[in-house]
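Single-structure report; data block below.
The values are calculated or read from the model by the stated rules, or taken from the named source; none is laboratory data. Fair warning: this is a prediction, and the values are worked out from it, not measured in the lab. A quick note on method: Cβ atoms are made from the backbone with ideal geometry, for glycine too, and the neighbour counts reach across all protein chains shown. These area figures cover heavy atoms from the full protein model, side chains too; ligands, DNA and RNA do not enter into them. Shrake-Rupley method; radii C 1.70, N 1.55, O 1.52, S 1.80 Å.
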Amino acid sequence: MCTFMVTQLVNKFVSEEQELLTILAEEAAEVAIECSKLIRFGGSGNQLSKEIGDLWAMVELAHKRDLISMNIIDEQIPHKWQKLKVYSNLTID
């Protein structure tokens, strides 16, 4: 079965919210893959930047659909930085 036909079948059976969340998860996985490739093979980071752009586009779309809160995301950032200060060797300014 060709990809187009599979896509058409899948789109009939999932809601827009499910599709958005699925694509968001796929984009997050692609970011993880690019991180792994940079560790293994090196490179400029251009592809990682593109994948993060794709992920961010889905984050913004999820926000526009009220699936996530940018306020909560913004509030979470300093908490993550604090954890990184304790549990990693990263310098957080």
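Yes/no per residue for (1) in a helix (DSSP H, G or I); (2) of a type in the set (S, T, N, Q); (3) surrounded by 12 or more Cβ atoms within 10 Å (Cβ to Cβ):
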{"site": "LYS50", "(1), (2), (3)": "yes, no, yes"}
{"site": "MET58", "(1), (2), (3)": "yes, no, yes"}
{"site": "ALA62", "(1), (2), (3)": "yes, no, yes"}
{"site": "ASP66", "(1), (2), (3)": "no, no, no"}
{"site": "ILE73", "(1), (2), (3)": "yes, no, no"}
{"site": "ASP93", "(1), (2), (3)": "no, no, no"}
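Picking from VAL31, VAL10, which residue would you name as being farther than 21 Å from ILE72 by Cα, of a type in the set (A, V, I, L, M, F, W, C) and modelled with pLDDT under 95?
Details: VAL31 fails: modelled with pLDDT under 95.
Going through VAL31, VAL10 in turn, just one is farther than 21 Å from ILE72 by Cα, of a type in the set (A, V, I, L, M, F, W, C) and modelled with pLDDT under 95: VAL10.
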Complete set of residues in the range 14-48 that are within 24 Å of ILE68 (Cα to Cα) and assigned to a loop (DSSP other than H, G, I, E, B): VAL14, SER15
Answer from GLU60, GLU17 - the residue that is at pLDDT 95 or above and under 16 Å from the mean Cα position of the chain (by Cα): GLU60
Pairs, first more than 25 Å from GLN18 (Cβ to Cβ) in the range 43-63, second open to solvent by 40 Å² or more (accessible area, probe 1.4 Å) and charged (D, E, K, R), C-beta under 9 Å, six or more apart: GLY43/LYS37; GLN47/LYS37; LEU48/LYS37
